[in-house]
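Worksheet: the structure to be examined is printed underneath.
The values are calculated or read from the model by the stated rules, or taken from the named source; none is laboratory data. Owing to the predicted nature of the structure, the values given are computational and were not obtained by experimental measurement. Don't worry about glycine lacking a Cβ; one is built from the backbone with ideal geometry, like all the others, and counts go over all protein chains shown.
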């Protein structure tokens, strides 16, 4: 998975993601993206999350995930993401969770994707 982010508003980013999953992975998956940006002069970080459905067909898909939370500003941030495949509940609406002023960045669940927002 690779990604590139853009600042939309202080409360949202768009993250362009390229991801795929195997067709034998139940045919459905979710892309989960978490962005953490350090708060200057503190050991805290602002954080946001976004999710998006992804078909498991073995094809690499280029999609845009909206990450909400923050507040974010132009500059460096850490992004963590992954694809979770398997039997998923029906997705009628996705509502990303967001946390403000979380403690210093936690150990990533996936390898970090470094980039500029």
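What is the residue count in the range 11-48 for residues that are under 17 Å from residue 82 (Cα atoms) and surrounded by fewer than 20 Cβ atoms within 10 Å (Cβ to Cβ)? Matching residues across the range 11-48 total 12. Within the range 88-99, if we keep just the residues that are in contact with a strand residue (DSSP E or B) (Cβ under 8 Å, 6 or more places away or on another chain) and under 20 Å from residue 27 (Cα atoms), the residue that is modelled with the highest pLDDT turns out to be 88. Select from the range 58-82 the residues that are exposed (fewer than 15 other Cβ atoms within 10 Å of the Cβ) and in a loop (DSSP other than H, G, I, E, B) and write down the one among them that is modelled with the highest pLDDT. The selected residue is 71.
At pLDDT below 85 and over 12 Å from the mean Cα position of the chain (by Cα): which single residue out of 38, 103, 112 fits that description?
Details: 38 fails: at pLDDT below 85; 112 fails: over 12 Å from the mean Cα position of the chain (by Cα).
Criteria check complete, one pass: 103.
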